[in-house]
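Notes follow once the structure below has been shown.
The values are calculated or read from the model by the stated rules, or taken from the named source; none is laboratory data. If you're wondering where the values come from, they're calculated on a predicted model, not measured in any experiment. For neighbour counting, all protein chains shown are included, and Cβ atoms are generated from backbone atoms with ideal geometry for every residue, glycine included. Heavy atoms of the whole protein, side chains included, go into the accessibility calculation; ligands, DNA and RNA do not. Shrake-Rupley method; radii C 1.70, N 1.55, O 1.52, S 1.80 Å.
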Amino acid sequence: MSLILPINLDDFLYCRGVEYERVEFKASWDPKTVGPQVLRTICAFANDFHNLNGGYVIIGVEEQCGRAALPPKGLSTVEIEKAQRWLRGQCNRLDPAYHPILSPETVDDRHFLVVWAPASDARPHRAPDERKGQSRFWVRLGSETVDAERRGGMLAGLLQQTARIPWDDWRAQDTQREDLSESKVREHLRDIRSGLLDEPSATEVYRRMRITTPVNGHDVPRNVGLLFFFRDPAHWFQGASIDVVQFAADQAGDVQEERRFGGPLADQLRDCLNYLEGFSASHLQKQGDRSQVRGWVSYPLPALRETLVNAVYHRSYDVDQPEPTKVYLYPSKVEIFSYPGPVPGIERQHLTAGGNIPAAPARNRRIEEFFKELKLAEGRLSGLPKVFRSMEDNGSPEPRFEFDENRTYFRATLPAHPEYGALSALRDAANLRALGKNREAFHRVESAWAANQTSAVLAAEMIRLLAGNDEIDRAEAVLTTIQASGPESAVSYVVNIFIDVLIEAGETTKALDWLNAGHDRVFGQDAIDAAILARRARDARLAHRYFERAGEAVYSDPRALLEFAQTKLFLAGDAYRRR
């Protein structure tokens with residue numbers, strides 16, 4: 001474990017918690033070729049064009065597909081000492097001078113050197129270009145170190161950032177080092193498994209974590225230190241909390257519950273996420289006699305988590321933003337507000353499915369860094385695609401991301417799963433049936449279906465209830481409606497429900513007509529259901545075709561496997577008799 005770096009060395013080498021563009025690997029050390037490359041990269045990390053808080057150069061570790069090739073190739077102790085001496089001297093050639101943190105490390109008895117170059121408060125810096133014989137402004141572009149002057153607009157952007165330190169890295173002049181909780185700091189180091197935990201001096205720990213900075217002979221906290229390691233950051237920054245409000249209906253509904261989550265930023269985020277988990281209802285529907293279930297959730301937790309995390313670390317906590325992060329829970333959606341809107345460079349078209357989000361400078365470089373170390377945040381630019389993907393996988397409508405023209409707020413909306421509204425109707429109907437009120441139970445489901453004719457769950461229940469009343473024609477009308485307006489992924493499931501009630505009603509010929517009409521469009525679990533229905537209708541060849549459509553899903557379902565084997569045996573016996 002490193003006693004100098006405030007991160008976990010294993011996570012670091014595998015770029016877990018530190019993005020690959022913030023790490024550069026050098027397999028060996030050579031002052032004539034590797035040395036100038038490292039110097040330019042140190043300059044680029046110090047310039048921190050995208051506000052990622054600099055980066056790391058690892059000398060003595062080979063790169064393989066953007067990750068460390070382990071065990072490390074390693075350097076001799078003599079090479080490490082020479083590299084440190086060379087870097088200390090050559091960093092004086094940077095304009096203005098800048099000195100990174102040098103940390104010799106050992107993994108698997110192999111020695112290597114980590115050069116940590118945090119973002120500089122004195123940017124922009126220039127470093128010599130050995131080929132051109134003059135100094136240039138170097139920046140990182142993805143995983144490359146490039147000349148900012150040769151990349152359109154990058155030099156102008158870098159010069160605009162001169163002395164513009166992101167707010168979370170500012171010195172909190174009215175505070176004292178003692179305002180930080182040493183126990184919370186060490187808890188953080190323990191959570192990320194940092195070797196810095198063994199350092200006995202709190203002052204030294206704070207300095208190495210860069211949560212304090214020297215001012216006039218004494219240390220004062222940086223804003224990020226107060227956000228993460230002060231008992232109540234809202235004491236200094238009014239917006240540093242999360243408000244959750246649950247409504248009985250949409251905006252006009254009564255407030256059912258209000259909660260405020262405060263405390264250190266990571267704690268309030270974890271507490272709020274744990275609280276919100278209870279509002280994401282799951283629907284798991286047992287499939288006949290099999291162990292498998294078919295399910296969805298009202299709000300997929302990866303989307304809910306990522307959206308809230310983005311709101312907390314992309315917002316501003318300056319005095320101009322006193323409003324807390326807000327989460328509004330409605331029966332049909334979740335809305336999450338943060339303040340202000342996105343940084344310049346992010347436009348509405350970037351916040352859509354498949355939108356290409358540009359690498360604009362981040363608002364908070366240190367908040368993001370701490371969240372990633374704690375595994376609370378995704379890699380840069382990967383969070384939004386994850387939200388869209390998890391909503392799609394759950395069968396939910398697309399999320400929406402909006403902000404006003406003046407960028408005073410940012411709103412993320414996660415619509416509830418289309419079937420979520422049907423759950424209360426089914427629960428009510430079940431309670432009514434338990435009380436012997438079957439007519440009222442039917443009307444409850446019927447009215448819910450009339451209000452939401454895209455719900456597969458309600459359609460299936462209506463078909464069962466109508467078939468139980470010998471109203472097969474009305475049940476078929478429900479099926480026709482869901483075929484026309486329901487989600488395509490759910491149609492096969494509802495068709496199978498209708499075929500099931502036909503077989504129960506003794507209308508086997510009609511059931512087989514439906515089965516023969518749809519076998520080319522059914523896959524997976526729905527194909528298994530259809531195969532078993534075909535066996536009940538005594539058509540083994542049709543059942544076999546459905547089992548083939550199900551593919552590998554058959555082998556993970558014990559009952560399906562048994563039914564498939566019995567179908568094979570029947571067909572084999574039939575073929576034998578015919579021969």
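For this structure, a couple of remarks:
- Residues (of a type in the set (D, E, K, R), part of a strand (DSSP E or B) and modelled with pLDDT under 90) located in the stretch 294-326: R294
- Pair list, Cβ < 8 Å and 6+ apart or interchain, from the stretch 391-406 residues that are over 16 Å from Q349 (Cα atoms) and hydroxyl-bearing (S, T, Y) to residues that are open to solvent by less than 40 Å² (accessible area, probe 1.4 Å) and part of a loop (DSSP other than H, G, I, E, B): S396/Y299; S396/P300; S396/A416; S396/H417
- Within the set G253, G263, the sole residue that is of a type in the set (G, A, S), assigned to a loop (DSSP other than H, G, I, E, B) and either modelled with pLDDT of 95 or more or more than 29 Å from H417 (Cα to Cα) (or both) turns out to be G263.
- Pairs linking a residue in the stretch 1-27 that is within 14 Å of G55 (Cα to Cα) and of a type in the set (V, I, T) to a residue that is in a loop (DSSP other than H, G, I, E, B) and modelled with pLDDT of 80 or more, with Cβ atoms under 7 Å and 6 or more positions apart or on different chains, are I7/I192; I7/S194; V18/I7.
- Search result, residues across the stretch 52-67 that are among the polar types (S, T, N, Q) and either over 27 Å from the mean Cα position of the chain (by Cα) or buried (at least 22 other Cβ atoms within 10 Å of the Cβ) (or both): N53
- Of residues in the stretch 1-36 being modelled with pLDDT of 90 or more and acidic (D, E), the one surrounded by the fewest Cβ atoms within 10 Å (Cβ to Cβ): D30
- If you go through the stretch 434-477 and keep only what is more than 19 Å from E419 (Cα to Cα) and not charged (D, E, K, R), you end up with A434, L435, G436, N438, L466, A467, G468, N469, I472, A475, A477.
- Residues satisfying the stated conditions in the stretch 70-86, i.e. crowded, with 22+ Cβ neighbours inside 10 Å and not in a loop (DSSP other than H, G, I, E, B): L75, A83
- Against the numbered list (1) modelled with pLDDT of 95 or more; (2) in contact with a strand residue (DSSP E or B) (Cβ under 8 Å, 6 or more places away or on another chain), R85 comes up short only at (2).
- Residue that is in a loop (DSSP other than H, G, I, E, B), of a type outside the set (D, E, K, R), touching an Asp or Glu at 6+ places or on another chain (Cβ under 8 Å) and farther than 22 Å from N8 by Cα, where the choices are S135, S120: S120
A quick yes/no check of all residues on (1) in contact (Cβ under 8 Å) with a residue 60 or more places away in the chain; (2) not β-branched (V, I, T):
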position	(1), (2)
D129	yes, yes
S135	no, yes
V139	yes, no
T145	yes, no
A148	yes, yes
G153	no, yes
L158	yes, yes
I165	no, no
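- For the stretch 177-229, filtered to residues that are touching a residue at least 24 places away in the same chain (Cβ under 8 Å) and hydroxyl-bearing (S, T, Y), the residue that is farthest from N53 (Cα to Cα) is S181.
- Qualifying residue in the stretch 148-165 (condition: closer than 20 Å to Y56 by Cβ and either open to solvent by 20 Å² or more (accessible area, probe 1.4 Å) or in contact with a helix residue (DSSP H, G or I) (Cβ under 6 Å, 6 or more places away or on another chain) (or both)): no
- Among the residues of the stretch 384-402, none qualifies, meaning not one is assigned to a strand (DSSP E or B), touching a Phe, Trp or Tyr at 6+ places or on another chain (Cβ under 8 Å), open to solvent by less than 20 Å² (accessible area, probe 1.4 Å) and of a type in the set (F, W, Y).
- Only a single criterion out of (1) in a loop (DSSP other than H, G, I, E, B); (2) polar (S, T, N, Q); (3) in contact with a Pro (Cβ under 8 Å, 6 or more places away or on another chain) is not satisfied by N356, namely (3).
- Scanning the stretch 446-485 for residues that are open to solvent by less than 20 Å² (accessible area, probe 1.4 Å) and either assigned to a loop (DSSP other than H, G, I, E, B) or touching a Leu at 6+ places or on another chain (Cβ under 6 Å) (or both) turns up A448, W449, S455, A475.
- Pairs linking a residue in the stretch 90-112 that is small (G, A, S) to a residue that is surrounded by fewer than 17 Cβ atoms within 10 Å (Cβ to Cβ), with Cβ atoms under 8 Å and 6 or more positions apart or on different chains, are S103/I4.
- Residue in the stretch 542-554 that is of a type in the set (S, T, Y) and farther than 23 Å from G468 by Cα present: yes
- Residue match in the stretch 108-131 (condition: open to solvent by 80 Å² or more (accessible area, probe 1.4 Å) and among the polar types (S, T, N, Q)): no
- Within the stretch 487-509, the set of residues being surrounded by fewer than 16 Cβ atoms within 10 Å (Cβ to Cβ) and either free of Cβ contacts under 8 Å to residues at least 12 places away in the same chain or under 35 Å from the mean Cα position of the chain (by Cα) (or both) comprises P487, E488, S489, G506, T509.
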